[in-house]
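Step one of this worksheet: look at the structure below.
The values are calculated or read from the model by the stated rules, or taken from the named source; none is laboratory data. What you are looking at is a predicted structure, and each value in this text was computed from that prediction instead of being measured. Here the Cβ is made from the backbone with ideal geometry for all residues, glycine too, and neighbour counts use every protein chain on show. Side chains are part of the model used for accessible areas, which takes the heavy atoms of the whole protein and leaves out ligands, DNA and RNA. Shrake-Rupley method; radii C 1.70, N 1.55, O 1.52, S 1.80 Å.
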Amino acid sequence: MAGASGMLQVLSNIISSTSDASGRMEKLGELVKTVIAQHDIPKLKDLVDCMLAEESTFALFARPVLQQVAEKMDQLKNTELKELGLHTLDRLKGRVVSFEEEDFVIRELLSEVFQAEGNWSEAAKCLAAINLETGTRCRTAMQKAEKYVKIAELYLEDDDPVSADTFCTRAAMVMHEVDEVPLQLRYKVCHARIMDSKRKFLDAASKYCDLSQQTFGGQICEADLMQLLKSGVTCAILAPAGPQRSRILALLCKDERIRSVEHFEILHKMFMERLIRGSEVHKFSESLLPHQKAMMPDGQTVLDRAVLQHNVLAASRVYKNMKLPDLGSLLEVSGDRAEKIAAKMISERRLDGYIDQRSGVIHFEGGDENLQQWDRHIRNVCNQVNCVLGKIKDEQTQKMCEG
């Protein structure tokens, strides 16, 4: 209280010693500058309290003084800025309409402090509280989009895809009015990351793959495009096996840069529909993010499920039918589990075939057209070789008879 009364006396002296408003404002500005330079947080908090007190005699100067405080807060240390910023926002509750610009500046500075601390959730909440739609100041589509995308990015860092999706959706409403390429890319990457975080790996892989193959007129560095390509590879490997994933794998494998991407070997095996062993899966799993390692309701990880489904497809390309225990051995799981996996894929039309439960045999249908075509070529060559051998044998027999 003593501090507050001391600041009240200082302010009263300024008002009484100067008759015109411009002179008073000049002295108040010097006071703000001096206290900020001294890093005297208690005095600054007292200044804010005096300006925002109910029926304050300094109400005429409240807004310009708080504007100067907000603009000079970046000169304070992070801990000091955080203490003063939170105090000021608390005093502004219910009165933000009158101090929108000051609230905006303070929240942006506070968000930067929270980001420096790694407190992504608070950083996002700080920006999310800014009124961008119905405030007295008209914000451009560019300003709105940048802020919404930033908030979505912060929520993604906090592993909160639901909140991120809310603000990404808001950004989508104004992105058609934005021409800046880097911001458009940030928005698209943000959307892909949300699909990734929600474990919609097929959609995420498609978006990452598309983004990594765009040059954006040279405005995006090659390292960022490579990171997008790497993310696309990871999501493609984690995606459920089926025709859609096969198309994405084909697109990725056509990319000239793909061989330099980590885990190209496992990606190539999936594209070529070859069996993938447990040791390869373990190595790949070490590079995954926490949400990509999440346990599913059936007790297996997303990666385990994706690899098992892939191996079932790979087996269908080699065998026409198999006993279920043999399929389990091939997949390195029990026969019952192999049956459940295959049955689910058949019911979802991601695998052509049927299961004869009485005989315990799975029959694969439809085989790979390329493999069937290859078989026809081999059969044709073998037939031609047989014809040549037959002619040679006939000629030798004829010569022996003549001799």
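General remarks:
- For the range 202-302, GluC sites (Glu not before Pro) meeting the loop criterion (DSSP other than H, G, I, E, B) and having at most 16 other Cβ atoms within 10 Å: 256, 262, 286.
- Shape of the range 144-257, Cα gyration tensor, a/c cut at 1.5: oblate
- If R0 equals 51 Å, the separation of the Cβ atoms of residue 227 and residue 337 corresponds to a calculated FRET efficiency of about 0.90.
- FRET efficiency, 1/(1 + (r/R0)^6) with R0 60 Å, evaluated for residue 288 and residue 40 via beta carbons: 0.75
- Set of lysines near residue 254 by C-alpha distance (under 22 Å), chain-local residues within fewer than 8 positions excluded: 207, 230, 269
- Extension gain, residue 264 to residue 215, is 15.4 nm, computed as 0.36 nm per intervening residue step minus the present C-alpha separation.
- Rounded FRET efficiency, nearest 0.05, which uses the C-beta distance separating residue 138 from residue 169 and R0 of 25 Å: 0.70
- Within the listed set 377, 282, 363, the residue fluctuating most in the Gaussian network model of the chain (springs between alpha-carbon atoms under 10 angstrom) is 377.
- GluC sites (Glu not before Pro) lying in DSSP loop within the range 75-144, provided at most 15 other Cβ fall within 10 Å: 133
- Taking all protein chains as shown and a probe of 1.4 angstrom, residue 167 keeps an accessible surface of around 20 Å².
- Note on residue 125: lysines with a C-alpha under 17 Å away, same-chain residues under 8 apart excluded, are 82, 93, 144, 147, 150.
- Computed over the chain with a Gaussian network model linking Cα atoms closer than 10 Å, the most mobile of 103, 20, 46 is 20.
- Contour minus Cα-Cα distance for residue 199 and residue 352 (0.36 nm per residue): 52.5 nm
- Between 0 and 90°, nearest 10: helix 161-172 axis offset from the chain longest Cα axis: 80
- Accessible surface of residue 125, taken over heavy atoms with a 1.4 Å probe and every protein chain present, rounds to 100 Å².
- Most fluctuating residue given options 259, 358, 170, as computed from a GNM of the chain linking Cα atoms under 10 Å: 358
- In degrees, nearest ten, helix 335-347 long axis to first principal axis of the chain (Cα): 80
- Here the contact order of the range 100-152, divided by its residue count and restricted to Cα pairs under 8 Å and six or more residues apart, works out to 34 percent.
- Mean separation of Cα contacts under 8 Å (6+ apart) over length of the chain, as relative contact order %: 7
- For the range 12-79, the set of trypsin sites (Lys or Arg not before Pro) satisfying both a DSSP loop assignment and a count of at most 12 other C-beta atoms within 10 Å is given as 77.
- In this rough spin-label picture, where each label sits 7 Å from Cα along the Cβ direction, the residue 159-residue 344 distance is 2.3 nm.
- Taking every C-alpha pair closer than 8 Å and separated by at least 6 residues, the mean separation divided by the residue count of the range 126-191 gives a relative contact order of 33 percent.
- Label selected from (i) 139, 48, 34; (ii) 157, 80, 30; (iii) 75, 75, 49, the criterion being Cα extents along the principal axes in Å as computed here: (i)
- Spin-label pair residue 388/residue 112, simplified geometry with 7 Å Cα→Cβ offset, distance in nm: 7.8
- For the range 10-59: rounded, prolate or oblate by the Cα gyration tensor [a/c cutoff 1.5]: oblate
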